[in-house]
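Step one of this worksheet: look at the structure below.
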Amino acid sequence: MRLALGVSYRGAAYQGWQSQPGGQTVQDRLEAALAEFAQQRVTTVCAGRTDAGVHGLNQVVHFDTGVVRQPFAWVRGTNRYLPEDIAVQWCCGVPHDFHARNRARGRRYTYLLLQSPVRPSIEQDLCGWSFRPLDGAAMSQAAQHLLGEHDFSSFRAASCQAPSPVKTLRSLVVQRCGAYWRFDFEADAFLHHMVRNMMGCLVAVGAGRHRPAWIRDVLAERRREAAAPTFPAAGLYFDGPHYDRRLQLPERTAAHDWLPSNPR
């Protein structure tokens, strides 16, 4: 039997999603909790690996098991063994050929940025920070140059293992939410550090260090050195993947409503 889970987590305490020898990753903690509940080893496959410090609102994983439990029992039972900053949100049975990563039709990320003369305190590790005022119109104009199918080599980490730098950015929305800026990204897939590198460039434009058209030039260069420095991980949230609607997998969790938004 193959099951899919939706998992939310605060990434500040972990060395990213993917399992590592030290065990201080979200995958390691989740698999240990599942093993305790199922009383057998469980190996998960996720929709999108996140870096150290990056948060997850609806990370989707799948795994195979012969243990028969009600979906809500998997949620409650697994959460019993998880630390407080990781929680399974839902469980659904899926077809045997479902694959959390390969069957995803797209992925979404949100970056939350505080604009303030004073650094974050209550929201420390949960948002990025700019002490300079930012020009939303300039950032939105710059964002338009990134939409569509492009070679995103300029926004790709040196350690990126993706076979191709060509991705399709379907949407990039910039909105002001009080003292915060919210950046919503949707693409077919993302390269390693792609969102954080785009954020570095968008903030550079917003702060007046470059004109919006500079983003177009950075994209055309296809060199990481052409772009701004990588922005911090603290404000980055993996909203989750989306799949064929026939699978009826949840695309939102309660954690989505925690992020500030400006209703349109």
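The values are calculated or read from the model by the stated rules, or taken from the named source; none is laboratory data. Everything quoted here is computed from the prediction, not taken from an experiment. Cβ atoms come from the backbone with ideal geometry, glycine included; neighbour counts cover every protein chain shown. Note: accessible area is taken over every heavy atom of the protein model, side chains too, but ligands, DNA and RNA are not part of it. Shrake-Rupley method; radii C 1.70, N 1.55, O 1.52, S 1.80 Å.
Descriptive notes on the structure:
- Fraction of the pair-distance distribution of the stretch 152-264 above 20 Å, Cα-Cα pairs, percent: 48 percent
- Computed over the stretch 23-120, relative contact order equals 28 percent, with contacts defined as Cα pairs under 8 Å that lie 6+ residues apart.
- Normalised contact order of the chain, rounded percent, pairs of Cα under 8 Å and 6 or more residues apart: 24 percent
- Förster radius 41 Å - calculated FRET efficiency between THR65 and CYS177 (Cβ-Cβ, nearest 0.05): 0.50
- Charge dipole of the chain (Cα centre as origin; +1 on each Lys and Arg Cβ, -1 on each Asp and Glu Cβ, all else neutral): 300 debye, rounded to the nearest 20.
- Counted residue by residue at 0.36 nm each, then reduced by the alpha carbon distance between them, the extension gain from ASP217 to ALA12 reaches 70.4 nm.
- Building the convex hull from the alpha-carbon atoms of the chain and averaging its projection over directions returns 14.3 nm².
- Sulfur and carbon atoms: percent of accessible area, the stretch 208-264 [1.4 Å]: 48 percent
- Solvent exposure of the stretch 88-245 amounts to 45 Å² per residue of accessible area, where only protein heavy atoms count and the probe is 1.4 Å.
- Cut-off 13 Å between beta-carbons: net charge of the residues surrounding ALA13, Lys and Arg +1, Asp and Glu -1: -2
- At 0.890 mPa s and 25 °C, Stokes D of the stretch 130-197 from Kirkwood alpha-carbon radius, µm² per second: 188 µm²/s
- What the Cα convex hull of the stretch 14-77 gives, in volume per residue, is 89 Å³.
- Compactness of the stretch 11-117, taken as the C-alpha radius of gyration over 2.2 N^0.38 Å, stands at 1.13.
- Charge dipole (debye, nearest 20) of the stretch 40-170; +1 at Cβ of Lys and Arg, -1 at Cβ of Asp and Glu: 320 debye
- Label sites at GLU251 and ALA52, each approximated as a point 7 angstrom past Cα along Cα to Cβ, lie 3.4 nm apart.
- The stretch 191-264 and the stretch 37-84 have Cα centres lying 26 Å from one another.
- For THR230 and ASP188, the difference between the fully extended length at 0.36 nm per residue and the C-alpha to C-alpha distance is 13.0 nm.
- A full extension of the chain between PHE131 and ARG119 corresponds to an added length of 3.6 nm, given 0.36 nm per residue minus the alpha carbon distance.
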